[in-house]
Each structure stands twice: as structure tokens, then as C-alpha cells.
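Here the structure is laid out as C-alpha cells; the discussion comes afterwards.
Rule-based calculations on the coordinates, nothing more; no lab input. Here the structure is a predicted model, which is why all the values come from computation and not from measurement. All Cβ positions, even for glycine, are placed from backbone atoms using ideal geometry, and neighbour counts span all protein chains on display.
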Amino acid sequence: MAEVTNALPVGELVGNNYEILGIAGAGGMGVVYRAWDAKLERTVALKFLPTLLNADVREREYFVLEARMASSLDHPNIGVIHGIEETADGRAFIVMGFYDGLSLAQRIAKAPLSTVEAVDVAIQIALGLCEAHAHQIVHRDIKPSNVMLTNSGSVKIVDFGLARLISAETATASGIVGSIKYVSPEQALGHRTDQRTDIWSLGVVLAEMLTGRNPFERGAIPAILVAILNEPPQSLDGLPIALQGIIYRALSKDAEKRYQHCSEMLADLQAARTELSNDSTNRKEATGRKTTHRSNDIRKYVEQASISTWSRAQKPRNRWLPLGLGLCGFVLLACLFLFPRVREQLFGSRIRVGEEHIAVLPFTNIGNNPENEALSEGLVDTLSGRLSNLDVGNKALWVIPASEIRRLKVMDPAAALKTLGANLVISGSIRRDGAAINLNLNLINTENLRLIGSVDVVDQAGDLAALQDEAVSRLAHLMDLPVSAEMLHNTGGSVVPAAYENYLTALGYMQRYDKAGNLDRAINLLGESIKTDPKFALGYGQLGEAYRIKYQLDKNQHWLDEAQGNLERAIQLDGSLPAAYVTLGRIHDVSGKRELALQEFQHALTLDPRNALAVRGLARAYERAGRVADAEAAYQKAVALKPDDWESYNLIGHFYDRQGGIPRRSRRCRERLR
């Protein structure tokens, strides 16, 4: 609510046209003011976006585009958007219709709605969504606070286009947990969404209107997400059978089993309203074929709303598993990742269709040239990173960290499946012949050891950056993943081939900096790299990280100064490198400059909302600043961002140890599973 603390005063003129009359509301996605439009002589609502989101140029462009599309909608159940404007200092705000009345969230807080009233509200929401979906506009954030109940009795859906702005940094900073309770399973998994995600959210809202509680209400974000993905909604016993069927069908965890179009759900809602409006004689369902048929439908819909997303491809072997998962939350997630044998016993060895769990195995150094060993390790790390950063749409792609593969000494496809649960591996070899470099990669299915395809790339000039781009592009093609030039271009400024080779070799040495001499070798190579190419931003950034690690080992302040100087140079050359801001945040954190650290981590997240390292840094900085609740949320978010990375689980485990133990709910779960 920091935005409200700095609220605009009553009487202030905004945009040379709007006089502030007062605050109408505030939440995670901004402050809403009631204002007077002097030009058109009407009362309007002005919604200001959070300052953090105003700073993200790309997200603002997305928002403006979607808000413009939403402003074209003309329907009595959709809140009108009059325009998108800016203040003199560049703060974006939306000019919307102002509606006297309550939000649906305020109405539910008073008491559950009557059955007829709830159905009528749901019908009006469905009518508005039908109109939006007909124009290929998906709201993505249907929840009670985004539904207005006007004094005239009409229902208005507001905040079209804002859901895209919900990103990793705002989940903590803006209290977006209110939205989390309404996200669909596909949203929770980061998959591509369509109109069916709005249908899910409407099902949640309808259940909440009728019962007064969210069907997936839990005490913490991870527990909410686990419930959405793996647990049945809370019981709807006592509600009319027709409404139970509508809600359970809308809440199918598999979008293919849900209502496919909002018009289908609307038709069922309208039929239910007609049925509920009839006298009790016509509504009796105690006997008859209609009751039997409907009961069979209910059983089917309940089952579809209860099947675990993680184990949808097959039945869980333990019937108590969904309940155990809900109570354990992230603790059981950690166990499933760290102990693959447990995962196999619970779910079987098969991975859900559509998910690719990839391990990039150590490359063979053809010719056994010791000078190429570190280069080979650096290539494995950067190749893993490039694959994990691909935006693959609705296809789940989990790349197991190269550090974890090294730690567990996984060397072959069978071990990758058994130890890490990887269903795909990339094995390969690197060979040098003078300046030319040859990289051969094999994509292998670990379950049947079948070779899916091979990639053989050669660069006669030894340009490793170009070599990697080609390799990633062709691997993505083998896995049916869409790639673009923008996805592949992340080398950080201009790159001279020799500079990039030194950078990769240094990266390989830094992966084993605990071995005597390796860190100094990395520093020397990175020094040569930026000497060869003075505009190589990634080289300066990695050199800053190397000096930070050196300080970590011997606590010499000189190394921190060197680190900061190189990082500032990296940012000066290329201000879009999240890793540079993460390292700067770590330096400020160990120096006791907590606020500066928080700023750097938050800036890294504006550049890359899914940067788990930035979220981990944010968590540590919050903890050291005494903001325990914020720290816990950030640690949990780091786990959600990188569910295959053991380090996130390790960090949150140590956090709970420092705080005196894990939450009571998780302790009960652990005892129950023994």
C-alpha cells in the first residue's frame, strides 16, 4: 500500500483535465482515484499503475496494446475504458468509467450471496466474457475485486489487460496473492492460456459467491498453488446439484475437460436460473432418470476437478497423495526433486506428456587437449542456460542445472533418468582443428535410449557465440520448439570470437572455483577477454562475479571494489544484463547496504521476471533487513521459478531453520508421510 501513502491530494489536476476527488480503491495492481473530467463533465476512475511496473518499458507496451484492444469492447457487462494517458512525469494511468456501488469482493465479505443472486451475477460475468472472447481478448485475472456491482444492479468486469503485468517482482512487492487464488492450473504452470483460463476463474468466483470461501484457500502461496494443481476444490455439498455440476466442470484441472467456450457455461447458468426460479415441485430431483443422469455427470466432473495435474497421465499409486501434497506444499516438492526414487514410487517413471526434462551431459573433449576441458564445461553451462531461457509457449521445458549434473556425477542417459528424472539428454563432443571448432550434439530419449536426432555444427573461424546460436536453434527444432533471433541473442554487446572463447573457458573454471588456482585462471582469462573486446559487457559482468567470489573466500575489501568497478562498466555498456544487477545486489548486501541491494535485485527482476538468482538475493536481503514475511514469500517464489534446482530448496530450508522451524502445516505433513 506504499502507493496510497504517497496519494495524490484532493483537488490536484492530472493530465491537465482530471481533478482528483479522492481514492476509490487500491490494491496490488495500482491505485484507483475518483476524478472529475472537466472537459466532458463527468466522473471517471483513474487507475495508476505501480511505480515498479511503470519502469518496465516492454511490459508497458504490452499493457497499452491490450488496454487499447479492451477499450474497443462495447458491452453492458464490461467496464468502459475511455483512454490511456500519462502525467507530466511519465506515469501511466487509465481513464475508466466510474461506477457507484461495491466490488464483488466487498459484497462477498459481508455474507455469501443468495443462490439466485450469485447465478445472476455469474451470468452477467459470463456475458461480458463471451463478448471479450469473441474478440480474442482474454482477461486472465477474473476475481471478485475485478467485478463491480453497480447501484443500478448491473455487473461490470474491469481491469482488462492488467493481468499480463503480474510478474515475479510484483508477487511480493504488490501483494498479488489475491490473484493467485484464482489462477488456472495452466497459469500456475506458466503454460500458454486461452479463454478457458477465464472459465476456470469464473468457476472459482461462483463457488466463492455461494459458499463465502475460495475453494482453494490456503495459508501460503505454495500451498495455494499445490491445491490448484493437485487437490479437489472444497466440498460444495448443500448447493443445488445443477450448480455443483457447473462449478466442478469449470474447475477441471485439464483444460480439455473444462467448458471449451464461455457460451457453453452461460447456457448452463441460464438453465440453472430457470430451474431455480420454478416452484419446488418442478425442482424436485429425488427420483427419476434425470437425477440418475445428472448424478453420473456430477461424479465425472468431480473426478476431473480432483485429478492431480502432476499425475494426470496415470493414476497415483497412493490414494492419500493429493491430500499429502496439499499439506506439504513446497516441502514435498523438494523431496520429489531431491529423491527421484521416491518420485518414481509415487508417480511411476513416466513424465507427463508435454513436459521435457532435459539434462545437458558433460561433453567429450576429442583429442583430450587439457586446454579445452574448461572451455567444454563453460559450453555445457551456457548451452543449458540458453535452453532454459527459451520462451516455449505452452510446452513445459525444464533444463536441469549443469551444476547439479556435475554434483551428482551424472554421465550417461540411464543415470540421468534414474537420478534426475530427465526424459531427454543432450550428449556431445567438441573438437578443435586449428581455429575451426566442431560441436556434435545428440538428443536422446532416456526411457528407450532412442536417438531422436543429431546436430553437427562447425565454425571455421572459431566463433563460439555463433556456434552456440546455431546449436540451440537446431536442438529446438528437434524438440519442436519455436525460436527466434531475439531468444538467441544474449551475449551482451559486440563479441569478438576470441573474447567469447576466453569468457566460456573462464566460466568453466569458475564452476570449480574451489579447486586451487581455478578462480585466478578465470580472472586472468576474463581480463584477456575484455582486453580483446573492450565492449564485451558479459565479460565485465562475469569478471565482477569472479572478484565477488574471491572476496567471499578471503574477505579482502579490494576484491569488492574491483567487482563493483567491473559491474558498473558492464552496465554502462549494456544496461539489460540481469546478472550484473544480481551481483551488484549481492555486493551491497554483504556491505550492509540493504536498500541498495533491494533496488538492484528488483531492477534485475524488471529485466527478467523469472530470474531465480535475483529472487534468492531479494529473499536474503529481506531477511537481513528483518522483513521475514517478505523473505519467506521470496524464498517460496524462487522454488516455484526453478522447481528442478535443489539450491532453492536448500536456501528455504536454511531460512526455516534460522526462523525456528518450518511451518506447522508442513511439519504435520512430514509426520503423516512417515
*Give a residue-ordered list of calculated ³J(HN,Hα) values for region 254-267 (Karplus: 6.51 cos²θ - 1.76 cosθ + 1.60, θ = phi - 60°; whole Hz; x for Gly, Pro).*
8, 4, 5, 9, 7, 4, 8, 9, 5, 4, 5, 5, 4, 4
*Taking N as the number of residues in region 575-637, what value does Rg over Cα atoms divided by 2.2 N^0.38 Å take?*
0.97
*Taking every Cα atom in region 528-645, find the radius of gyration and the maximum pairwise distance Dmax, and write them in Å.*
14.3, 47
_For residue 82, what residues show an amide H to amide H distance below 5 Å, using hydrogens built from the backbone and excluding near sequence neighbours?_
95, 96, 97
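Taking 0.36 nm per residue of sequence separation and subtracting the Cα-Cα distance, how much length would be gained by fully extending the chain between residue 531 and residue 217, in nm to one decimal? Walk me through the intermediate numbers first.
Details: separation 314, 0.36 × 314 = 113.04 nm, distance 5.64 nm.
Result: 107.4 nm gained on full extension.
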*In nanometres, what is the gap between the two model label sites at residue 274 and residue 552, each 7 Å from Cα along Cα-to-Cβ?*
6.7
*Under Karplus coefficients 6.51, -1.76 and 1.60, residue-wise ³J(HN,Hα) of region 72-77 in Hz, glycine/proline x*: 7, 6, 10, 8, x, 9
*asked:* At a 10 angstrom cut-off on C-beta neighbours, averaged per residue, how do the peptides 528-535, 149-156, 187-194 rank from highest to lowest?
replied: 528-535, 187-194, 149-156
_Residue-by-residue Karplus 3J(HN,Hα) for region 132-143, coefficients 6.51, -1.76, 1.60, Hz, glycine and proline x_ = 5, 5, 5, 9, 6, 10, 10, 6, 6, 8, 6, 7
*For the peptides 103-111, 227-235, what is the packing order when you average, over each peptide's residues, the other Cβ atoms within 10 Å and list the highest mean first?*
227-235, 103-111
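For the pair residue 524 and residue 460, what calculated FRET efficiency results from E = 1/(1 + (r/R0)^6), where r is the Cβ-Cβ distance and R0 = 30 Å, to the nearest 0.05?
Calculated value: 0.65.
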*Can you list residues whose amide H is under 5 Å from residue 446's amide H, if they're 5+ apart or on another chain and H is modeled 1.01 Å from N?*
424, 425
*Taking 0.36 nm per residue of separation and subtracting the Cα-Cα distance, what length does fully extending residue 264 through residue 478 add?*
73.2 nm
*Given a Förster radius of 22 Å and the C-beta distance between residue 72 and residue 40 as r, what FRET efficiency does 1/(1 + (r/R0)^6) yield to the nearest 0.05?*
0.70
*Mind listing the long-range amide H neighbours of residue 307? Cut-off is under 5 Å, sequence gap 5 or more, other chains count too, H placed in the peptide plane at 1.01 Å from N.*
253
